[in-house]
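Structure record follows, encoded as structure tokens.
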Protein chains: 2
Amino acid sequence: MAKIAVLGSGIMATALSFPASENGNEVRLVGTFLDREIIDSIQKTGVHPDLGLKVNESVKAHQLEEAADVIADADVVMCGVNSFGIEWAGEQLSKLMKPGQKLLTVTKGMRADDDGTMHILPDVLRSYFDPELAESVSWNAIVGPSIAGELAVHHDTCVVFCGQNEADVEYLAGLFRTDYYHVWTSTDFVGHETGAATKNVYAFAAGFAQGMLRKAGKENDRYVMYNYGAAVFAQGQKELRSFIKLMGGDPETGDGLGGVGDMFVTSMGGRNVKAGGYVGEGIAFSEVQDRYMKGVTLEGVAAIKVIGKALGPLTERGVIGEDEYPLCRFLYSVVAEDAPLEMPWDKFFQGLK
Amino acid sequence: MAKIAVLGSGIMATALSFPASENGNEVRLVGTFLDREIIDSIQKTGVHPDLGLKVNESVKAHQLEEAADVIADADVVMCGVNSFGIEWAGEQLSKLMKPGQKLLTVTKGMRADDDGTMHILPDVLRSYFDPELAESVSWNAIVGPSIAGELAVHHDTCVVFCGQNEADVEYLAGLFRTDYYHVWTSTDFVGHETGAATKNVYAFAAGFAQGMLRKAGKENDRYVMYNYGAAVFAQGQKELRSFIKLMGGDPETGDGLGGVGDMFVTSMGGRNVKAGGYVGEGIAFSEVQDRYMKGVTLEGVAAIKVIGKALGPLTERGVIGEDEYPLCRFLYSVVAEDAPLEMPWDKFFQGLK
């Protein structure tokens, strides 16, 4: 049994309160400044409005003002914000966390320096910490195919808890593991975090075919465009593995839950796929963002903007070849330059033996 | 321009007549003894009844009695039967083919000896040939994510032509390549054929979740079971790569069109997924086969019966470990022993670092 404090009360962070609380842990959800209404709702009715479900009785919800007290004596501190909030979370946690606490993050994404050097988000969080505190904190993350609501309603879900220290990830896995939440552990931290970030890049492309069919008035035809989607998925998987290798992870991580499994689930639907659908209809991405999906959080697009942009300087510096990552480069041209949807098939599947 | 004779006029063989004939090749479809009505229909109206489409004007259809003449002067001979007909096709082609002809097969599956040694289908075909003729024939295959109807209606489709000889696969690819049929080439013949066969194994499992939801009356719920499907897909991808390695192919082939791409498209629907759905509902597989899907060709189940059965003797002989291929072993117990649907999650993702 442990005290688990969660900064950010979005759907994923809240979904994790189900297995955690059912295992007898004390779970405390702390809302960010954007989560006031969510926390209000949970405090009054127990219902998380975005998830559309009542959290377990024992789970407590707190407004941000209580964060210091709630986090101070926790054994485990979770970072449950989305990637847009990672810098804010770094500032907060660096002030609120105590030596020896275990951090567990569910935020997915990347940050890159101007020269294209990329960083996984746990390292971004860490950069806000005093070096001594950073050293005494244990850094861990959850990756794998998890649609939050499915976990919350107790459907079988398989994930990987990853981190630098085997004993710590095993301890954390033990707190959450149930008969429906199946948890594996890994110390390929950078590999798993890279897979989790890059899968979002390719999920955006999973929406194209549906939009193209809609535009052509063929969405209810007998023959749709799974061949197109499968080819894009396969090229995405090749690039995902390459990114893991580039970041120093184990490419085999790309075959598992944190790679192809996560890319599969993310390709099945959600906001990024929807945004890709508009592009498939022939709408310039800037218009999708400013009009059709104004104000909607798009983690896939955010990942493309960071990772796709980094490919330029990485190529200039000779770290990667010009012919590598053709799909990610193309997706970057779509979201950053409103490039039309002309899939560069000829550049795919290079080096086939 | 080449003369292309196709033995078997199923939907895949017929779909390939579109790019082939549009490139100016002379395409001759030859029906098997099971295809009499299909050939009749094409001869009278041009329509392939199962595909629901009219073939191109220049494509000619022939009943089996004309096979000898039609095949004798062809440059390329295609084997378009399904895996249940591979032995029959071997007998026919060994008598009808001429030295120097190029064989191109689209049949997917495996055969295994009693000791578990597995063989790709081009090798099964070859075993029927006189050794001298076998040596002078060029052996090739098409793999990759291709729903036949999508190709036939000219939706973008990406595939790999594979074979032992690079010049031959390049020649064949050139005959079929169009602006919607994107063709790569590879000499990893065994790797690609293994991926194409094993992907069918895992597509059967892709139907389970849908059936489980149906049984529970939850198929239209807000939260379905993509997490479950994604975990099964990820374990399937791990095993598919292992099978490629076991057969002497390049494991990286498993990441591309002939591996994960093909598994993706096959998991999106079709007869194997439907059969898996019944199992998901809790119906014993023998009842699915004898009642709900009586007489329906199930390539995935056929692959499970061959490959899953081979795992026993391969384990006994120490060729593979007991903990390898847990999903394939489980699927074999479902189709061969009517085992209930209790997914052995604990056996999955072994050796995670």
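The values are calculated or read from the model by the stated rules, or taken from the named source; none is laboratory data. Keep in mind the model is a prediction, meaning the values are calculated, not measured. Don't worry about glycine lacking a Cβ; one is built from the backbone with ideal geometry, like all the others, and counts go over all protein chains shown. In case anyone asks, the SASA skips ligands and DNA or RNA and just uses the protein heavy atoms, side chains included. Shrake-Rupley method; radii C 1.70, N 1.55, O 1.52, S 1.80 Å.
A few notes on this one:
- Number of residues in segment A:44-72 that are more than 28 Å from A:Leu133 (Cα to Cα), touching a His at 6+ places or on another chain (Cβ under 9 Å) and surrounded by fewer than 21 Cβ atoms within 10 Å (Cβ to Cβ) equals 1.
- Qualifying position, being away from chain B (no Cβ under 12 Å), closer than 30 Å to A:Ala20 by Cβ and in contact with a Phe, Trp or Tyr (Cβ under 7 Å, 6 or more places away or on another chain), among A:Thr185, A:Thr194: A:Thr194
- Selection count where residues are open to solvent by less than 30 Å² (accessible area, probe 1.4 Å) and facing another protein chain (nearest Cβ under 7 Å), scope segment B:242-261: 5
- Look at segment B:219-232: where a residue is touching a residue at least 12 places away in the same chain (Cβ under 8 Å) and closer than 22 Å to B:Phe204 by Cα and a partner is open to solvent by 70 Å² or more (accessible area, probe 1.4 Å) and part of a loop (DSSP other than H, G, I, E, B), sitting 6+ places away or on another chain with Cβ atoms under 9 Å, you get B:Val224/B:Lys218; B:Met225/B:Lys218.
- Looking across segment B:1-43, the residues that are touching a His at 6+ places or on another chain (Cβ under 8 Å) and farther than 22 Å from B:Lys95 by Cβ come down to B:Ile11, B:Thr14, B:Phe18, B:Ile38, B:Ser41, B:Ile42.
- Filter result for A:Asp75 (of a type outside the set (A, V, I, L, M, F, W, C) and open to solvent by 50 Å² or more (accessible area, probe 1.4 Å)): yes
- Filter result (surrounded by fewer than 24 Cβ atoms within 10 Å (Cβ to Cβ), part of a strand (DSSP E or B) and within 11 Å of chain B (Cβ to nearest Cβ)) within segment A:139-161: none
- Of the helices (runs of 4 or more DSSP H) lying entirely inside segment B:296-339, the ones with 2 or more residues being exposed (fewer than 15 other Cβ atoms within 10 Å of the Cβ) are found at B:309-316.
- Pairing each residue of segment B:331-353 that is at the interface with chain A (Cβ under 8 Å from one of its Cβ atoms) with any residue that is among the polar types (S, T, N, Q) and outside any loop (DSSP other than H, G, I, E, B), provided the two are 6+ apart or on different chains, yields C-beta distances under 6 Å for B:Phe348/B:Gln235; B:Leu352/A:Ser186.
- Residue within segment A:234-241 that is crowded, with 20+ Cβ neighbours inside 10 Å, within 14 Å of chain B (Cβ to nearest Cβ) and of a type in the set (A, V, I, L, M) present: yes
- Spans of helices (runs of 4 or more DSSP H) in segment B:1-101 with at least 2 residues among the acidic types (Asp, Glu): B:36-45, B:86-96
- Here B:Gln92 passes the criteria (1) open to solvent by 30 Å² or more (accessible area, probe 1.4 Å); (2) under 23 Å from B:Arg177 (Cβ atoms) except the one numbered (2).
- Within segment A:149-174, residues that are within 16 Å of A:Asp188 (Cβ to Cβ) have Cβ atoms under 6 Å from residues that are open to solvent by 50 Å² or more (accessible area, probe 1.4 Å) in these pairs: A:Glu166/A:Thr187, counting only partners at least 6 apart in sequence or on another chain.
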